[in-house]
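Encoded as structure tokens, the structure appears first; notes follow it.
The values are calculated or read from the model by the stated rules, or taken from the named source; none is laboratory data. Since the model is a prediction, treat every value here as computed from it, not as a measurement. Don't worry about glycine lacking a Cβ; one is built from the backbone with ideal geometry, like all the others, and counts go over all protein chains shown. Keep in mind that these areas ignore ligands, DNA and RNA; they rest on the heavy atoms of the full protein, side chains included. Shrake-Rupley method; radii C 1.70, N 1.55, O 1.52, S 1.80 Å.
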Amino acid sequence: VKGFFYRLFYIFKLVWETRPWILFVMLLTAIVNGVLPVVAAKISASLIDALTESWNAAKTGAVMADAVVRLLVVQAAYQLGSSIIAQISSAMTTIAGELVVNHVNIKIMKKAKEIALADFDTPEFYEKLENASREAGHRPIQILQASFNIISKLISIVSFVVILWGVSPAAPFLMMVIAIPSAIISFIYRRKNF
């Protein structure tokens, strides 16, 4: 655990040295991606409620299509906004990856200038140098993306637990109990595949 967190904080430091805004954009994206599923669920729930009310009103002869149309427009705007956010996130990840590659390669070049030429003849050193150069660019961004995806999923989980708690305090616990057999089966088969 100590080694994991040491490397994780080293990667954060490395990206911070490259450009601090990269971390802020990734954090903001993680927060937005954590909230978006809850917003989508709320829009869908409101739309279903409006459709039910409109259906019941149509039985009595009244027409209530305004609320349904308004919610369909909101859902279309949500889909468009979600798509735009995904495109911006993808572009930012690409730009951040290129900046980190450049920063790490410059660090490698500066370090290589300080090392004696005889060290380049040793296979172990040269292999480490090549590995650092190969993995330099995209691995830190991938690790940060995975870390921020965990934060995003935690935000979504906590939000849905709060919503379910509002429906029934037993609902979140029931959902967790139902998920346990599926998680165990998934774990067993992943282990066998490994």
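Which one of these is within 17 Å of the chain's Cα centre (by Cα), of a type in the set (Ser, Thr, Tyr) and at pLDDT 85 or above: THR18, THR29?
THR29
Considering only the stretch 47-90, how many residues are out of contact with any Ser or Thr (no Cβ under 8 Å at 6 or more places or on another chain) and open to solvent by less than 50 Å² (accessible area, probe 1.4 Å)?
8
What number of residues within the stretch 102-135 are within 20 Å of ALA146 (Cα to Cα) and either modelled with pLDDT of 85 or more or exposed (fewer than 11 other Cβ atoms within 10 Å of the Cβ) (or both)?
Of the residues in that region, 1 qualify.
How many of the residues in the stretch 157-194 are more than 30 Å from VAL100 (Cβ to Cβ) and either outside any helix (DSSP H, G or I) or of a type in the set (Gly, Ala, Ser) (or both)?
10
Just checking, does the stretch 15-24 include any residue being polar (S, T, N, Q), open to solvent by 50 Å² or more (accessible area, probe 1.4 Å) and in a helix (DSSP H, G or I)?
Taking every residue of the stretch 15-24 in turn, none turns out to be polar (S, T, N, Q), open to solvent by 50 Å² or more (accessible area, probe 1.4 Å) and in a helix (DSSP H, G or I).
Looking at this structure, is ILE157 of a type in the set (A, V, I, L, M), closer than 22 Å to TRP21 by Cα and under 25 Å from the mean Cα position of the chain (by Cα)?
So ILE157 does not fit the description; no.
Take PHE120 and tell me if it is within 24 Å of the chain's Cα centre (by Cα), part of a helix (DSSP H, G or I) and of a type in the set (Phe, Trp, Tyr).
Judged against the criteria, PHE120 is not a match.
Can you say whether LEU154 is open to solvent by 90 Å² or more (accessible area, probe 1.4 Å) and part of a helix (DSSP H, G or I), as far as the supplied structure shows?
Yes: the conditions hold for LEU154.
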